[in-house]
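Asks: One structure, pasted below without further comment.
Nothing in this text is a laboratory measurement; each read-out follows from the coordinates by a stated rule. This is a predicted model, so every value here is computed, not measured. Methodologically, a virtual Cβ is constructed for each residue, glycine included, from the backbone with ideal geometry; neighbour enumeration extends over all protein chains shown.
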Amino acid sequence: MTSAMSTISSSHPASADASTLETEVLIIGGGVTGTGVMRDLALRGIHCVLIDKVDLCAGASGGNHGLLHSGARYVSTDLDAAIECRKESELLKHLAPQCIEATGGLFVGVDGDDPAFAERFPELCRRAAIGCEELTVAEARRLEPHLSDRLVKAYRVADASVDPFHLALANVDHARLINGSIYRSHTELVHFEVIDGEIRSAHCRDRRTHAKLVIRARQVVNAGGAWAMDIAHLAGCTDVDLVYAKGTLLVNHDRMTRHVVNRLRPPGDGDILVPGGTVSLLGTTSTRIEHLDHVGPTVDEIDLIIREGSAMIPALAGARYTRAFSRVRPLLQGAGHAGDRAASRGFALMDHRSQGLTNFCTITGGKLTTFRLMAEKAADLVAGRLGNRQAGTTASVALPIGDAGRWTEPGAAPRQWYALGNPADMILCECEMVPQSAVDQIVAVPPGEAPQQMSIEAISLRSRVGKGPCQGSFCGIRVSSYLYDRGYYRDAAGLAYMRDFFDERFKGQRLVVWGQQAAQMELAEALHCGLFGLDALQAD
Amino acid sequence: MAQTATSPINFKEAALELLPPGANFDACLTCGLCSSGCPASGLENMDPRKFIRMAMLGMDTELSTTPWVWCCTLCRRCEYVCPMKIDISRLVFLARGNWPKDSKPAGIARSCHLTQFGPSTSAMGMPPDDFVLVVDDVLQEVRATQPGFQHLQAPMDKRGAHFFVNQNSREPMSEPDEMVPLWKILDLVGADWTYSSKGWAAENFCMFTGDEEAWRDVIRKRVDAVNDLGCQVWLNTECGHSYYSMWEGVKRFGLEARFRIESLISYYAQWIREGKLPINSRWNTKGIKFTVQDPCMIVRKSYGDSIAEDMRFVVRTLVGEDNFADMHPNRSANYCCGGGGGFLQAGMTDHRRTYGKRKFDQIAATGASYVLTPCHNCHSQIDDIGHFYGGNYGVVHFWTLMCLSLGILGENERHYLGPDLRALID
């Protein structure tokens with residue numbers, strides 16, 4: 001497999017100077033939307049550079065339930081969003097089945113929930129043409145034995161679970177294969193050079209190496225998600241008006257149900273459980289915040305989520321949770337008094353013409369389920385501005401099944417490893433059973449970096465490394481050791497990667513640990529601090 | 001060896017049912033203590049931690065078909081060292097049971113069949129009449145040829161005897177003279193004992209097939225035989241799995257056993273302490289070194305360390321404090337030798353010897369000339385790996401060495417003695 005850089009130098013007029021990249025379209029923000037725009041444009045023959053200041057799905061794209069909405073969730077609050085969800089989820093199930101598990105979904109009411117809402121629900125679904133089948137309580141509990149014995153109502157819908165990391169990785173990889181479009185992680189926008197109402201270049205820096213990078217593009221797409229307002233400000237635009245809602249989720253150690261389980265009531269806290277692979281995600285909360293820095297879960301939020309969730313599934317009260325995390329939803333301003341749950345989950349595409357710019361647009365808001373549509377709208381605008389008359393094809397071209405996202409699926413790596421039965425292919429992450437061959441393959445396609453800059457976190461994002469019950473305690477050490485052995489890591493940077501990885505996993509664990517898991521934490525601390533002294537490692 | 005005919009087990013759900021909360025698969029820290037201490041790690045590319053993780057990842061087909069379940073000897077060392085006390089062997093046992101009958105290792109399956117359907121419960125299929133005949137033949141010969149043993153007893157079907165003594169089929173079938181030292185010891189201590197013509201055999205390969213029903217059938221026959229004779233103690237001789245299969249089986253299947261289940265080892269210790277068995281180490285004038293194998297079945301899996309202490313008391317008395325060297329680790333943390341769980345009969349010789357390498361190294365490190373093994377499977381396996389890896393040690397039963405110490409070991413009872421030991425008594 002050739003590297004991204006060699007592909008681009010052979011087929012595109014990129015600068016040989018490493019500090020300058022030339023492309024047709026610069027996309028800022030590696031969430032599902034940004035990667036969706038990249039793939040959409042590449043399919044129209046347009047070369048792109050995608051940058052993210054962290055890595056793929058570092059914002060809301062990677063911090064949600066992974067729920068592919070049937071639309072039923074929004075029937076009472078936002079009919080348009082509900083219809084969009086229905087259409088898009090049906091499309092994605094056909095076009096990207098490798099990223100989706102067609103779990104089906106249940107909406108369940110328990111004793112005490114509003115019976116009027118429950119009665120109205122099928123009619124609300126019908127208005128959005130969303131399939132909704134009523135189940136008896138006995139049928140529902142037969143399907144999902146963990147459901148509460150206080151269940152009073154149940155409907156079945158076509159919810160599914162989707163792996164946003166797999167989607168983003170596959171989007172980026174497809175764009176790379178089509179025309180050598182480039183993705184660069186850890187690349188932060190510092191300022192735009194604007195001349196005569198046009199962004200001429202974007203000045204960036206690598207947050208790891210502090211190297212400067214200038215990207216010259218004819219069009220710039222702001223797909224910054226919650227950060228879209230900040231990015232627009234750098235371009236001098238004041239028309240992106242977002243409010244921030246923090247949502248907190250819990251990762252359950254076990255997959256509790258086969259179906260997605262939603263509470264049968266207007267959207268509220270802790271009312272969705274989404275099974276994904278071998279785990280489940282439970283959430284969320286919604287809290288208005290003013291700043292994007294230092295966003296993290298609180299014990300109160302976690303207690304609330306578990307309390308609400310266990311009304312549907314009592315076993316959640318005593319279940320083992322692996323981690324908790326919070327991400328920020330960017331919501332479009334203007335919903336006013338009704339609260340953030342009712343604020344539009346729709347999206348906005350802004351061409352910024354009113355701000356005096358002709359080659360800049362912002363796509364924000366929306367949701368995971370509708371990312372393809374959002375990307376298509378943005379790509380339509382950009383392609384039109386470039387004079388490209390090709391129609392978008394993401395509604396008909398299937399996402400290729402390739403190597404890029406294959407290791408994010410729980411159980412995929414061990415199944416392949418077991419089938420090959422090669423005793424020399426050592427397992428590095430024992431919880432999720434990720435073998436060295438998977439790590440080799442991931443490191444071979446670095447996100448625009450040299451392999452020696454591929455952090456453990458970056459490998460974790462592209463695989464299941466660190467996602468299991470040990471939360472990286474052992475595999476962080478083993479993967480690092482392996483990369484040192486293979487010569488990818490040569491200096492103290494590898495230790496810093498290891499420390500950063502543990503820090504990140506610890507942040508997620510610290511609020512959900514009790515009982516037996518506390519012993520595990522102690523063990524991890526003894527290893528990481530006592531044995532390796534990583535707490536004494538100099539910053540940078 | 002591979003199988004496809006039965007549908008896979010849902011191991012995660014099975015674990016939830018079979019294992020206690022708090023010591024279930026979901027409590028696993030993936031620390032790997034189980035695997036690093038498991039001699040079967042690496043065989044068939046598997047180890048105990050992989051077994052748990054594959055269960056949690058839903059790899060039921062793989063776990064239902066991996067031949068590794070026949071390499072795991074069900075020794076439960078993984079559980080012993082696990083900080084969360086997760087018992088993996090229960091699920092391995094379940095997986096074994098789920099294999100189609102005709103795909104299971106033939107040696108184990110055949111032995112089970114013979115054990116299950118004969119009145120003797122003998123894995124070698126020895127009928128009651130033959131057993132009675134062999135015992136009587138050997139007894140008559142000893143009476144006729146060994147001075148001082150003209151009145152030696154080997155009672156058969158004696159109602160109300162205190163001890164119901166079982167017998168591993170290997171002796172009456174292949175090496176009948178090996179029965180004699182035990183008879184002499186029982187005679188010396190004045191034990192009130194009997195053999196039974198029914199349910200006399202010790203071994204239970206049905207336990208190793210994973211077939212609970214067959215295991216229960218065998219144990220029920222033996223329980224009935226002991227109850228019928230009205231004995232107070234079912235005394236297991238120097239054999240490991242036969243003790244465990246009876247002790248665990250009676251509890252597991254809720255059988256009414258009107259007797260206690262004991263191992264000969266603890267009686268050896270008791271009789272020495274009571275002065276009934278006057279053994280000593282004065283015979284060991286050359287300082288011949290011994291080590292001892294803790295059979296998993298009677299130490300870690302049932303009695304615990306108490307019987308390991310009894311065993312060391314017996315060994316030290318028998319060979320001399322200075323001539324005893326323990327293996328490390330030992331007692332409940334000891335490694336299985338690789339002869340357990342039916343491995344010897346599973347037809348996986350290379351794997352079994354690979355497994356046994358760790359035991360061989362442990363023995364070599366003691367520098368001992370002999371390994372005392374109060375277990376038939378340990379005895380066979382340790383003997384085999386000694387030859388295979390070029391070791392220079394012998395393997396002996398306790399009863400042999402005890403009679404040697406007492407000066408009553410007959411000519412035909414010295415099969416397992418090396419020249420150094422023979423030289424001391426000739």
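Asks: For every other residue with a beta carbon closer than 10 angstrom to the beta carbon of B:Leu43, add +1 if it is Lys or Arg and -1 if Asp or Glu, then tell me the sum. Let's see the in-between values first.
Replies: Details: positive: B:Arg352; negative: B:Glu44, B:Asp47, B:Asp350.
My count for the surroundings of B:Leu43 gives -2.
Asks: Filter the trypsin sites (Lys or Arg not before Pro) in the stretch A:355-416 to those in DSSP coil with at most 12 other Cβ atoms within 10 Å of their Cβ, and list the result. Walk me through the intermediate numbers first.
Replies: Values: sites: A:Lys367, A:Arg372, A:Lys377, A:Arg385, A:Arg389, A:Arg406, A:Arg415; in loops: A:Lys367, A:Arg389.
Hits after loop and neighbour filter: A:Arg389.
Asks: Near B:Ile265, within a Cβ-to-Cβ distance under 12 Å, what is the net charge of the other residues, with Lys and Arg +1 and Asp and Glu -1?
Replies: Values: positive: B:Arg312; negative: B:Glu238, B:Glu262, B:Asp294, B:Glu309, B:Asp310.
Its environment carries a net charge of -4.
Asks: Bin by bin, in steps of 10 Å, what percent of the Cα pairs in the protein assembly as shown do you find, going until the bin that has the longest distance?
Replies: Cα pair-distance distribution for the protein assembly as shown, in percent: 2, 11, 17, 18, 15, 11, 9, 8, 5, 3, 1, 0, 0.
Asks: To continue, here is another question. How big is the stretch B:311-377 on each of its three principal axes, counting only the C-alpha atoms and giving the largest first in Å?
Replies: Sorted from largest, the Cα extents of the stretch B:311-377 read 39, 21, 21 Å.
Asks: Still on this model: With a cap of 15 neighbouring Cβ atoms within 10 Å, and only residues DSSP puts in a loop, list the chymotrypsin sites (Phe, Trp or Tyr not before Pro) found in the stretch B:250-316. Spell out each step's value before the answer.
Replies: Details: sites: B:Phe253, B:Phe259, B:Tyr267, B:Tyr268, B:Trp271, B:Trp283, B:Phe290, B:Tyr303, B:Phe313; in loops: B:Phe253, B:Phe259, B:Trp283.
The qualifying sites are B:Phe253.
Asks: Any idea how far apart B:Arg110 and B:His328 come out in nm if each label point goes 7 Å out from Cα toward Cβ?
Replies: If labels sit at B:Arg110 and B:His328, their model points lie 4.3 nm apart.
Asks: For chain A, just give the cysteines left without a disulfide-compatible partner, judged by no other Cys Cβ under 4.7 Å.
Replies: Result for chain A is A:Cys48, A:Cys57, A:Cys85, A:Cys99, A:Cys204, A:Cys237, A:Cys361, A:Cys431, A:Cys470, A:Cys529, no neighbouring Cys Cβ within the cutoff.
Asks: Pairs of alpha-carbon atoms within less than 8 angstrom and 6+ residues apart define the contacts here; what relative contact order does chain B have, in percent? Each step should come with its number before you reach the end.
Replies: Numbers: 780 pairs, mean separation 66.6, N = 426.
Value for chain B: 16 percent.
Asks: Of A:Lys87/A:Lys246; B:Lys101/B:Lys251; B:Lys12/B:Lys101; B:Lys104/B:Lys289; B:Lys184/B:Lys289, which ones are farther than 30 Å apart at the Cα? Intermediate values should be presented prior to the final figure.
Replies: Working: A:Lys87/A:Lys246 27 Å; B:Lys101/B:Lys251 26 Å; B:Lys12/B:Lys101 24 Å; B:Lys104/B:Lys289 40 Å; B:Lys184/B:Lys289 25 Å.
Over 30 Å Cα-Cα: B:Lys104/B:Lys289.
Asks: Across chain B, where is the longest run that never hits GluC sites (Glu not before Pro) in a DSSP loop with at most 12 other C-beta atoms within 10 Å?
Replies: Details: sites that count: B:Glu256, B:Glu274.
By the stated rule (loop sites, at most 12 other Cβ atoms within 10 Å), B:1-255.
Asks: Of the trypsin sites (Lys or Arg not before Pro) in the stretch B:153-253, which ones lie in a loop per DSSP and count no more than 14 other C-beta atoms within 10 Å?
Replies: Working: sites: B:Lys158, B:Arg159, B:Arg170, B:Lys184, B:Lys198, B:Arg216, B:Arg220, B:Lys221, B:Arg222, B:Lys251, B:Arg252; in loops: B:Lys158, B:Arg159, B:Lys198.
For trypsin sites (Lys or Arg not before Pro) across the stretch B:153-253 that sit outside H, G, I, E and B with at most 14 neighbouring Cβ atoms in 10 Å, the list reads B:Arg159.
Asks: Further, regarding this structure: Between A:Ala493 and A:Gln416, what's the calculated FRET efficiency when r is the beta-carbon distance and R0 is 41 Å? Round to 0.05.
Replies: Details: r = 30 Å, r/R0 = 0.73.
Rounded to the nearest 0.05, the efficiency is 0.85.
Asks: Remind me, what semi-axes does the stretch B:11-104 give for its equivalent ellipsoid, largest first in whole Å, using sqrt of 5 times each Cα gyration tensor eigenvalue? Working shown, then result.
Replies: Numbers: eigenvalues 74, 46, 26 Å².
Whole-Å semi-axes of the equivalent ellipsoid: 19, 15, 11.
Asks: Where does the charge balance sit around A:Ala398 when Lys and Arg score +1, Asp and Glu -1, over other residues with C-beta under 13 Å from its C-beta? Walk me through the numbers before you get to the answer.
Replies: Values: positive: A:Arg39, A:Lys93, A:Arg372; negative: none.
Taking every Cβ under 13 Å from that of A:Ala398, the sum is +3.
Asks: Report for chain A the percent antiparallel among DSSP-assigned beta bridges with both residues inside it, nearest 5.
Replies: On the way: 57 of 79 bridges.
Beta bridges within chain A, antiparallel portion: roughly 70 percent.
Asks: Right, something else. Hey, how many Å between the Cα centroid of the stretch A:359-438 and the Cα centroid of the stretch B:83-97?
Replies: Computed from Cα coordinates, the inter-centre distance equals 38 Å.
Asks: Moving to a separate point now. Kindly state, to the nearest 0.05, the FRET efficiency for A:Asp303 paired with A:Gln516, given R0 = 25 Å and r defined as their beta-carbon distance.
Replies: Details: r = 19 Å, r/R0 = 0.77.
According to the calculation, E is roughly 0.85.
Asks: Can you classify chain A as rounded, prolate or oblate using the Cα gyration tensor, where a ≥ b ≥ c are the square roots of its eigenvalues, rounded means a/c under 1.5, and otherwise it's prolate if a/b beats b/c and oblate if not? If you can, show how the numbers build up before the last one.
Replies: Numbers: a/c = 1.65, a/b = 1.14, b/c = 1.45.
It is oblate, given that a/c is not under 1.5 and a/b is not larger than b/c.
Asks: I'm a student and want to see the number: the projected area of the Cα convex hull of the stretch B:107-268, averaged over all directions, in nm². List each step's numbers first, then the result.
Replies: Working: hull surface 34.3 nm².
The Cα convex hull of the stretch B:107-268, projected and averaged over all directions, gives 8.6 nm².
Asks: Still on this structure: Residues of the stretch A:55-93 with amide nitrogen under 20 Å from the 7 Å Cα-to-Cβ point of A:Ser396?
Replies: The answer is A:87-93, whose backbone nitrogens lie closer than 20 Å to the label point.
Asks: R0 = 35 Å: FRET efficiency of B:Phe117 with A:Ser481, Cβ-based, nearest 0.05?
Replies: Working: r = 55 Å, r/R0 = 1.57.
So the FRET efficiency works out to roughly 0.05.
Asks: For the pair B:Phe313/A:Thr136, report the inter-label distance in nm, with labels modelled 7 Å from Cα in the Cβ direction.
Replies: The modelled label-to-label distance comes out at 6.6 nm.
Asks: Quick check: Cα centre of the stretch B:113-163 to Cα centre of the stretch A:145-214, how many Å?
Replies: Cα centres, the stretch B:113-163 to the stretch A:145-214: 79 Å.
Asks: Taking amide H positions as placed in the peptide plane 1.01 Å from N, state which residues far from A:Ala154 in sequence (5 or more) or on other chains have amide H under 5 Å from it.
Replies: It is A:Gly109, A:Leu135, by chain and number.
Asks: What does the helix-only formula give at 222 nm for the protein assembly as shown: each DSSP H stretch with n ≥ 4 adding -39500 (n - 2.57), the total divided by the residues, and the result rounded to the nearest 500 deg cm²/dmol? Each step should come with its number before you reach the end.
Replies: Values: 34 runs with 363 residues, N = 966.
So the calculated ellipticity at 222 nm is -11500 deg cm²/dmol.
Asks: While we're here: Can you tell me the relative contact order of the stretch B:11-104? Whole percent, Cα pairs under 8 Å, sequence separation 6 or more.
Replies: Working: 104 pairs, mean separation 31.7, N = 94.
The normalised contact order for the stretch B:11-104 reaches 34 percent.
Asks: Taking a quarter of the surface of the Cα convex hull of chain B, what do you get in nm²? Don't skip to the answer; put the middle values down first.
Replies: On the way: hull surface 77.2 nm².
Approximately 19.3 nm², given one-decimal rounding.
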